[in-house]
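Following: one structure in structure tokens, then a few remarks.
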Amino acid sequence: MFILDDLLIGLPVKGFKSILRTIADMAEEELTDESKIKEELLMLQTLFVTDQITEEEYQSREDELVARLSLAEEGESEL
């Protein structure tokens, strides 16, 4: 009976935890990937130059991206 309980309850929970952990790892990697952040900065600049966003939107988003970039660079230097 206990083996059956483990199979019916334990394995699906472990699998679900593993999936969530993988998703969290992928999201963290994307948030701290310097090349992706630089790509976002370039796209942001393009949007601003082509008047698709306002200067206020540009400044706000640029500040966020520069902060993320500096955190990513600090994290990489610690490794």
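The values are calculated or read from the model by the stated rules, or taken from the named source; none is laboratory data. These numbers come from a predicted model, not from an experiment. Cβ coordinates were reconstructed from backbone atoms using ideal geometry, including for glycine residues, and neighbour counts include every protein chain displayed.
Let me confirm something: among 67, 72, which residue is among the hydrophobic types (A, V, I, L, M, F, W, C), touching a Ser or Thr at 6+ places or on another chain (Cβ under 9 Å) and modelled with pLDDT under 95?
On the way: 67 fails: touching a Ser or Thr at 6+ places or on another chain (Cβ under 9 Å).
Sole residue among the options that is among the hydrophobic types (A, V, I, L, M, F, W, C), touching a Ser or Thr at 6+ places or on another chain (Cβ under 9 Å) and modelled with pLDDT under 95: 72.
Looking only at segment 11-58, which residues are polar (S, T, N, Q) and more than 24 Å from residue 71 (Cβ to Cβ)?
Correct list: 18, 50, 52, 54.
Could you give me the residue pairs with C-beta distances under 6 Å whose first residue belongs to segment 49-75 and is under 17 Å from residue 39 (Cα atoms) and outside the structural domain of residue 28 (by TED's automatic domain parsing), whose second residue is hydroxyl-bearing (Ser, Thr, Tyr) and assigned to a helix (DSSP H, G or I) wherever it lies, and which are 6+ apart or on separate chains?
Once the first residue is under 17 Å from residue 39 (Cα atoms) and outside the structural domain of residue 28 (by TED's automatic domain parsing) and sits in segment 49-75, its partners that are hydroxyl-bearing (Ser, Thr, Tyr) and assigned to a helix (DSSP H, G or I) give 72/32.
Sort out which residues of segment 27-51 are assigned to a loop (DSSP other than H, G, I, E, B), exposed (fewer than 11 other Cβ atoms within 10 Å of the Cβ) and of a type outside the set (Val, Ile, Thr), and write them in order of number.
Step one: filter segment 27-51 for residues assigned to a loop (DSSP other than H, G, I, E, B), giving 33, 50-51.
Now narrow it down to the ones that are exposed (fewer than 11 other Cβ atoms within 10 Å of the Cβ): 50-51.
Scanning segment 27-51 gives a single hit, 51.
What's the number of the only condition in (1) touching a helix residue (DSSP H, G or I) at 6+ places or on another chain (Cβ under 8 Å); (2) at pLDDT below 90 that residue 55 fails to meet?
All conditions are met except number (2).
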